[in-house]
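Worksheet for the structure shown next.
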Ligand SMILES: [Zn+2]
């Protein structure tokens, strides 16, 4: 079947065909030229012309697969998106910023962690981000590849259309912060996503949920969020505000949350709420502090030895499990990934979350549900933000063909 469409100008037909070829290569990385012609429905000479153009624009490259090198004769060549296209990926968390280059295959290069003291306000956050981006751009060498854009994962809710952080619990001064101004510094395409959504994409493309079409990434750290993938698509909502799992109300008359609601998961299952709860328990029991300073790292060290710490960790796991059970009943995922800093609490927390999910979600869903934990290095936030930035670039041929 020909993709040529009646009534469409020829140059537009060609652009449509080129988009289809690039999209096919991107989603089936790597592919043979013959496969493209057969599947996309174009004649070989048209495919050859488009492939030549994409190679000249440094968008795709030829590759011989390792397993085919051993066979006799000339090995077949495959086409793939070049790993020389690099996105600058940044994760903004409440207590740190991490940055790195990410390629189309999910490789992370030159990761840098920047601590973010709690007293830093919105202006200081923007200044620090400007500095980080400028440093990366100044040090970027053409030998590394081509820097094609940057993707940023931020705590939400996030208005994707306006590029604004709507509200961040515990960082009220960041409310309404417009991050699109950073685009002016880089003059590169810019993309912003809710951090849990970026992590869900990162895991789905390169990590633990690869190959799964229905899965949920739970980002449980200073805040709580969820990246929900259903039927292979990220759930984004009409304005991009989806995934605000942390503000799902699970205690009808519970404590007030800075979002204005009551009984939100974040008020019971985040690191901040865990520390608050633990402080109360220690004061109530009048037992001496089992550590010099009440920080999350000290809690991680004491989780097995201190009765109060153990109880508070289990309570945080209980509330998270209740919330996730609701998600399981709503979306019927095949995999739940528990991610972000709370995973450092280890088996005591993970086992409690798993137990409550199983107790409180529908048996039919639970039987086939796989609950796993992500890596502790949190690179999946960067991989997702970077992959989305690369994809945005690939969809904008006006940018990459500007030198034609
Ligand atoms: Zn809330």
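Nothing in this text is a laboratory measurement; each read-out follows from the coordinates by a stated rule. Quantities reported herein were computed from a predicted structural model and do not represent experimental measurements. Neighbour counts run over all protein chains shown; Cβ positions are idealised from the backbone, glycine included.
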Exercise. For every helix of n ≥ 4 consecutive DSSP H residues, a contribution of -39,500 (n - 2.57) applies; sum these over the chain, divide by its total residues, and give [θ] at 222 nm rounded to the nearest 500 deg cm²/dmol.
Key: -12500 deg cm²/dmol
Quiz item: Under the classification rounded if a/c is under 1.5, otherwise prolate if a/b is larger than b/c and oblate if not, where does the stretch 123-210 fall, given a ≥ b ≥ c as square roots of the Cα gyration tensor eigenvalues?
Solution: oblate
Exercise. Using only C-alpha positions, report the orientation-averaged shadow area of the convex hull of the stretch 206-257, nm², one decimal.
Key: 5.0 nm²
Quiz item: How big is D, in µm² s⁻¹, for the stretch 277-378 by Stokes-Einstein at 37 °C and 0.692 mPa s if Rh is the Kirkwood radius over C-alpha pairs?
Solution: 225 µm²/s
Practice problem: Among DSSP beta bridges lying fully in the chain, give the percent that are antiparallel, nearest 5. | Solution: 60 percent
Exercise. Please report 39, 209 as a ranked list, fewest other C-beta atoms within 10 angstrom at the top and most at the bottom.
Key: 39, 209
Practice problem: Project the alpha carbons of the stretch 171-274 onto their principal axes and report the range along each, largest first, in whole Å. | Solution: 45, 37, 26
Quiz prompt | Over the stretch 197-254, relative contact order from alpha-carbon pairs under 8 Å, at least 6 apart, % | solution = 28 percent
Quiz item: What fraction of the Cα pairs in the stretch 210-373, stated in percent, has a spacing above 20 angstrom?
Solution: 50 percent
Exercise. Considering the convex hull of the alpha carbon atoms of the stretch 10-81, report its projected area averaged over all viewing directions, in nm², one decimal.
Key: 5.0 nm²
Quiz item: Out of every Cα-Cα pair in the stretch 62-170, what percent are more than 19 Å apart?
Solution: 57 percent
Quiz prompt | Cα-based equivalent ellipsoid of the chain: semi-axis lengths in Å, sorted from largest, via gyration tensor | solution = 43, 24, 20
Quiz item: Mean separation of Cα pairs under 8 Å and 6+ residues apart, divided by the residue count of the chain: what relative contact order is that in percent?
Solution: 16 percent
Quiz item: Over the stretch 10-81, what relative contact order in percent results from Cα pairs under 8 Å that are six or more residues apart?
Solution: 36 percent
